[in-house]
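Written below as structure tokens is the structure these notes are about.
The values are calculated or read from the model by the stated rules, or taken from the named source; none is laboratory data. Note that the coordinates shown come from a computational prediction; the quantities given were computed from them, not determined experimentally. Counting neighbours? That spans all protein chains shown, and the Cβs are built from the backbone with ideal geometry, glycine included. SASA here: full protein model, heavy atoms, side chains in, ligands and nucleic acids out. Shrake-Rupley method; radii C 1.70, N 1.55, O 1.52, S 1.80 Å.
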Amino acid sequence: MSARLDAGAVDHARWVRVPPAGFPDVAAYARVMAEAHAGPGEAGELAEMLAYGMERYPRVYPGYGLHFHLEGPRGIPLAVYSAEFDLESGEADADEELRALTHADADYAVEPPVVEEFGGGRLGTGIRVLRYFVDPDDGDDGDDGITVGLRYAWRVPEHGADVLVLTAAPDPARVLRAMDDIDAFARALRFAP
């Protein structure tokens, strides 16, 4: 595709873009971003969390865009991923594909996912899905706690793509507190040359 998904119009007071794999000095970049968000006197711990996340989280969904949502200088950054998928000829109908991307019909959810139409952004109207589930990978300490997953998806035929935004965390309150900011992030996404 000639145009690429871009999140440049997001509120930079709340968001840190994670540089692409192979970035030469992640620790220095994390330090600069931490100082911009926390100030030089409080940046140490945030810089460490950002650097750790910048090294680890891109491997979860290779090739996806990644931003960290920040609640403040002492909050734990929340990873929010974005991706575009080229439409193939004979692609499933939009509703079916968007429901699959967002896990709208997840049988592993502890209750039926909340599926809502989501619009008002540059990508048009899509869907937003909030679901609660038990993540088997988070049970290392014997505690099978609830994880919340939040996903958005759009079909953007003029760019020949489906778009996905997602986050998940074993702290449902953290995701719910960030939901308005994630909504704004999703609405700010656009295709740019």
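For region 4-46, treating each Cα as an identical point scatterer without solvent, what Debye log10 I(q)/I(0) comes out at q = 0.13, 0.29, 0.31 1/Å?
Results for region 4-46 at q = 0.13, 0.29, 0.31 Å⁻¹ read -0.33, -1.07, -1.11.
Kindly identify the chain as rounded, prolate or oblate by the Cα gyration tensor criterion: order the square roots of the eigenvalues as a ≥ b ≥ c, call it rounded if a/c is under 1.5, otherwise compare a/b with b/c, prolate if a/b is larger, else oblate.
On the way: a/c = 1.86, a/b = 1.26, b/c = 1.48.
Since a/c reaches 1.5 but b/c is at least a/b, the shape of the chain is classed as oblate.
Along the charge dipole of the chain, which of Gly124, Gly145, Ala100 sits closest to the positive end, that is, farthest toward it, with unit charges on the beta carbon of Lys, Arg, Asp and Glu (+1, +1, -1, -1)?
Gly124
Less than 9 Å Cβ to Cβ from Arg151, Lys/Arg counted +1 and Asp/Glu -1: what total charge do the surrounding residues give?
Details: positive: Arg128, Arg131; negative: none.
Neighbourhood net charge equals +2.
Under a point-charge model restricted to the Cβ atoms of Lys and Arg (+1) and Asp and Glu (-1), what is the dipole moment magnitude of the chain relative to its Cα centre, in debye to the nearest 20?
820 debye
Using the Cα centre of the chain as origin and beta-carbon charges of +1 (Lys, Arg) and -1 (Asp, Glu), tell me which of Tyr61, Pro112, Ala34 is placed farthest towards the positive end of the dipole.
Of Tyr61, Pro112, Ala34, it is Ala34.
What GluC sites (Glu not before Pro) does region 46-97 have in DSSP loop regions with at most 10 other beta carbons within 10 Å?
Values: sites: Glu48, Glu55, Glu71, Glu84, Glu88, Glu91, Glu96, Glu97; in loops: Glu71, Glu88, Glu91.
Filter output for region 46-97: Glu88.
Enter the accessible area per residue of region 1-153 (Å², integer; probe 1.4 Å; all protein chains in place). Spell out each step's value before the answer.
Values: 8460 Å² over 153 residues.
Heavy-atom SASA per residue in region 1-153 reads 55 Å².
With +1 on each Lys and Arg Cβ and -1 on each Asp and Glu Cβ, how big is the dipole of region 1-70 about its Cα centre, in debye rounded to the nearest 20? Let's see the in-between values first.
Details: 6 positive and 8 negative charges, 62 e Å.
The dipole magnitude comes to about 300 debye.
Which one of Leu123, Leu87, Leu70 has the biggest mean-square fluctuation once the chain is modelled by GNM with Cα springs under 10 Å?
Highest fluctuation among the options: Leu87.
With a ≥ b ≥ c taken as the square roots of the eigenvalues of the C-alpha gyration tensor of region 144-193, please select rounded if a/c is under 1.5 and otherwise prolate if a/b is larger than b/c or oblate if it is not? Show your work: numbers first, answer last.
Details: a/c = 4.15, a/b = 2.14, b/c = 1.94.
Prolate is the answer for region 144-193, as a/c is 1.5 or above and a/b outweighs b/c.
When the accessible area of region 57-193 is computed with all protein chains present and a 1.4 Å probe, what percentage of it is carbon and sulfur?
Working: 3300 of 6800 Å².
Its accessible area is 49 percent carbon and sulfur atoms.
Tell me, what is the FRET efficiency for Arg17 and Asp135 to the nearest 0.05, using R0 = 35 angstrom and their Cβ-Cβ distance as r? Numbers along the way, then the final one.
Working: r = 26 Å, r/R0 = 0.74.
Once rounded, the FRET efficiency stands at 0.85.
Which residue, Pro58, Pro77, Pro20, tops the fluctuation ranking in a GNM of the chain built on C-alpha contacts under 10 Å?
Of Pro58, Pro77, Pro20, the most mobile in the Gaussian network model is Pro20.
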